[in-house]
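Data block below; observations after.
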Amino acid sequence: MKHNTSIHFEELSPFLFDGVIQTDNLGIIESVNKAVLDFFPKLHVSDLIGKKVQEIISSKDILLFFDHQQDMRNINMTIGMYHVMGNFHFYSEDHALIILKNITNVHQLTVELGVAQRQIRLFHSILDNIEEGICFIDSNQKIIFYNKKMGELDAREPSSIHAEQYGNAFSGATYMNDPLLSALVTEKNIIQNESFISRSGKKYDIQMKNLPLFLGNQKIGALSTVKDVSKLSELGQTIYQLRLENERQHTAHVLPSEEQTHSYIHSTKGMQKILQDADRAIHSSANILIYGEPGAGKKQLARYILKDKSSYFPISCNALPPQFIERSLFGTATSTGLLEQANGGTVLLHNINTLDLSVQNKLLQIIHSKKLYREKDGTEVPIHIQFICTLDVKPEIAFKERMLSEDFFYAVSGLTFRLPPLRERKQEIPLLIEHFIQMKRSAFTSNEISISEEAMELFMKYDYPGNVRQLEYILEGVLAVLHDETVIMPDHLPDYISAAIYQETTSIQFFEEEVGLHSNLTDRVESFEKELILKTLQKTNYHITNASDLLGVSRQSLNYKIRKYGIETIRSD
């Protein structure tokens, strides 16, 4: 059945914004509307009538359309300088419509949007790789950007709080107690220098700047930038210590007043054995290695062993750039190195796993040959030094991660001490608490301080990922908030302690209920491993690096286990 082919374009054309071409079944143009002429500014209607549409619009899709006589939609084409979306339709056996929509502006906007999105991704990548933490919230307190360094400082995964309301992501934050919200509300710059302990138990020294942001006169949000100056602080202290030692040249090393005690707080049999061995090591000339988790008391044990030494030279390997350490140890053409100054004495190297491998190898050569090459005059001098070194990771992990040369390790570990973490010697917690209170109390109050049973119970149940050092920091904070009170209560302790204890208790109950006692050994071991990984991830707020450090495995191994057990790592704060 044939349809009426009479379409009144004369009546419709004033109302059509899209170009419409009417053709016969061979593609011969029969009529066009005015909008078509916009694509062909040099032609008139008479120039188009009677011509094949394929001659004026070069498109393989139009050829296919007329060959197969099947409708085609949303065909992208180019006509001159225009980007066009085409729809082709046979409305009868003998007639077709070519409908052309000008999408030049849309195409241009799409291109520009793609460029802008790439620039934003590049911008985010740059900000994620700088050494300062960055957080930006809009005027509605929504988190727009939160980079990796800020996540490290807060022990959070940035993706988990992106687009969250700031008050939801950081529970309890108000403009009265949070500097970023305060900057947003008061429209004032707020600059702070402070120290804090992260959820992983690590202490940070930071410089924080919070300021409102404006576009013209319109406030668009607030920006917080946080600079981690912990290493700079350590660097300053180390440089000062090195200069002091250079001036003394073999004079006795004087400890700060709070460290002038020769006592070592302990009560467990394991620690008693360590102290007995340390007493024997005091008069030994063998190289000594002390390893254990950060904050476990390695420096204190080293000082205990050094208590009768008339001279020793300490250096924190993680506080100085490799080049500076190398020049400091071995000297230069114009200066005498610390090793030559310490000849006949003791050098205390903290965190040797952060030493550059090339420096480790140079130290190894000196230990083997007992000779030091003096760059000042190109001669070799005999040298006899006892090295006491500390290591804050397990030796096998340091070897695997290529942080420590095995030969160097063996050379400095004539006597080896493994210092257990505080969670393995909780009997010592009451003694340590009493020791720190007595040591620090005078700076905060003249009152005698005691601890309630409820507070002591929390102290005893917590696992202390930051070990003895974290316990010391916690007590500093507790003493600071006591004011005129004389009894430490549970509400004086940081909230994360009770939260971690509750989470651990819940996990243990879940493990006992889910695993049971009737599983075979393999299933029970895997279930325990999965639960341990999950509990550690939760404890570190799903920070992979911190979790792998606590578990004593590499990031790669931990990621493999997470995939193996199908553990979900996306948090909902």
Flag for residue 168 being within 15 Å of the chain's Cα centre (by Cα), within 26 Å of residue 538 (Cβ to Cβ) and at pLDDT 90 or above: no
Unmet requirement for residue 146, which otherwise passes all of (1) touching a residue at least 24 places away in the same chain (Cβ under 8 Å); (2) buried (at least 17 other Cβ atoms within 10 Å of the Cβ); (3) assigned by TED's automatic domain parsing to the domain that holds residue 164: (1)
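Residue-wise test of (1) of a type in the set (D, E, K, R); (2) free of Cβ contacts under 8 Å to residues at least 40 places away in the same chain; (3) outside the structural domain of residue 205 (by TED's automatic domain parsing).
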{"position": "36", "(1), (2), (3)": "no, no, yes"}
{"position": "55", "(1), (2), (3)": "yes, yes, yes"}
{"position": "74", "(1), (2), (3)": "no, yes, yes"}
{"position": "77", "(1), (2), (3)": "no, yes, yes"}
Take residue 507 and decide whether it is in a helix (DSSP H, G or I), at pLDDT below 80, over 22 Å from the mean Cα position of the chain (by Cα) and not assigned by TED's automatic domain parsing to the domain that holds residue 449. yes
Scanning the stretch 338-393 for residues that are without any contact (Cβ under 8 Å) to a residue 40 or more places away in the chain, assigned to a loop (DSSP other than H, G, I, E, B) and over 29 Å from residue 292 (Cα atoms) gives 377, 378
Go through the stretch 399-423 and give me each residue that's farther than 18 Å from residue 367 by Cβ, part of a helix (DSSP H, G or I) and either aliphatic (A, V, I, L, M) or in contact (Cβ under 8 Å) with a residue 60 or more places away in the chain (or both). 400, 422
Of the conditions (1) farther than 24 Å from residue 421 by Cβ; (2) of a type outside the set (Asp, Glu); (3) surrounded by 12 or more Cβ atoms within 10 Å (Cβ to Cβ); (4) modelled with pLDDT of 85 or more, residue 477 fails just one. Which one is it? (1)
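The values are calculated or read from the model by the stated rules, or taken from the named source; none is laboratory data. Note that the structure is a prediction, hence the values are computed from the model and not measured. Heads up, the Cβs are rebuilt from the backbone with ideal geometry, glycines too, and the neighbour counts pull from every protein chain shown.
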